[in-house]
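As structure tokens, the structure follows; a few thoughts come after it.
Coordinate-derived values only; no laboratory data. No experiment lies behind these values; they were computed from the predicted model shown. Using ideal geometry, Cβ is built from the backbone for each residue, glycine included, and neighbour counts are taken over all protein chains shown.
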Amino acid sequence: MTESTGNILEKMNEKQIMYYSNHSKNTFFKKSQKIDCAKEVCKSFDLNEMIANTIYVIPKTNKIYMDYIIFKLYANPDIFDAIIQHIINTCRYLVTYYNSLEVFINLETFSVSAAERYKGLIKKYCDNCLTENTDFAILLTKLHILNTPSVIEMIVKIIKPIIDKEVVNKVQFYKREESEKIIKELQELKPLKER
């Protein structure tokens, strides 16, 4: 990574703020406006760098960290294939070396509308894993959902039908206080230049 996660996040947030200062926020059609904003952010930054700062391996572990806070700034249907391929490649790397993987997803600010917006991405990822016979669902030891949204029951109803039943039993939810501690511990495992 050429920029620290905090630095790229700050620049992406600035781009988003600039977008909304030029386009007043819609009361209706929010979904399409959020996608348009994500596309604008995408145009300003290197896609591989954004993905690498969003979805990465914690060094010397079988752990993958995914950060919705960054993801939501740029993710849009035009780049779903690139995101999916990055996740699959990252998982393949881990199962090659560790024969297992553990996933941590920070869902801070995730909502029911976000679940609807990214449902297609999740379904396509699950379909690709099935088509490519990845066995990720079997090799997954735990799926940690950090900063679990208060509306998690509604989100689960949207997502559960499209994910592998093997994964459902491996999900662990964490509230804000627990999540902050876990995120701090994971960040301490990252090399200093990537913090």
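Using the crude model of +1 on Lys and Arg Cβ and -1 on Asp and Glu Cβ, and no other charge, please compute the dipole size for the chain relative to its Cα centre, in debye to 20. Can you show the working numbers first?
Values: 28 positive and 25 negative charges, 79 e Å.
Dipole of the chain, to the nearest 20 debye: 380 debye.
Considering only DSSP beta bridges with both partners in the chain, what is the antiparallel share in %, to the nearest 5?
Details: 3 of 17 bridges.
For the chain, the DSSP antiparallel bridge percentage is about 20.
Between Ser24 and Leu130, what is the label-point separation in nm under the 7 Å Cα-to-beta-carbon projection?
4.5
Trypsin sites (Lys or Arg not before Pro) within the range 27-120: which are DSSP loop residues with at most 16 other Cβ atoms inside 10 Å?
Numbers: sites: Lys30, Lys31, Lys34, Lys39, Lys43, Lys60, Lys63, Lys72, Arg92, Arg117, Lys119; in loops: Lys60.
Those that pass, being in a loop and sparsely packed, are Lys60.
Compute, for the range 65-175, the length of the dipole vector about the Cα centre, with Cβ point charges of +1 (Lys, Arg) and -1 (Asp, Glu) only. Units Debye, rounded to 20. Mind dumping the intermediate values first?
Numbers: 12 positive and 12 negative charges, 56 e Å.
It works out to roughly 260 debye.
Semi-axes, largest first, in whole Å: what does sqrt of 5 times each Cα gyration tensor eigenvalue give for the range 5-194?
On the way: eigenvalues 134, 77, 58 Å².
Over the Cα atoms of the range 5-194, the ellipsoid semi-axes are 26, 20, 17 Å.
Please check the chain for the longest run free of chymotrypsin sites (Phe, Trp or Tyr not before Pro) that are loop-located per DSSP (anything but H, G, I, E, B) and have at most 13 other Cβ atoms within 10 Å. Intermediate results must be reported in sequence, preceding the final value.
Details: sites that count: Phe28, Phe29.
The answer is 30-195.
How long are the three semi-axes of the equivalent ellipsoid for the range 72-172, computed from the Cα gyration tensor as the root of 5 times each eigenvalue, in whole Å, largest first?
Numbers: eigenvalues 91, 55, 33 Å².
Ellipsoid semi-axes (Å, largest first): 21, 17, 13.
So, R0 is 35 Å and r is the distance between the beta-carbons of Tyr97 and Ile122; what FRET efficiency does that work out to, to 0.05?
Details: r = 26 Å, r/R0 = 0.73.
That pair, Tyr97 with Ile122, gives E of 0.85.
Within the range 118-187, list the GluC sites (Glu not before Pro) lying in a DSSP loop whose Cβ has at most 14 other Cβ atoms in a 10 Å radius. Working shown, then result.
Numbers: sites: Glu132, Glu153, Glu166, Glu177, Glu178, Glu180, Glu185; in loops: Glu132.
Of the GluC sites (Glu not before Pro), the ones in loops of the range 118-187 whose Cβ has at most 14 other Cβ atoms within 10 Å are Glu132.
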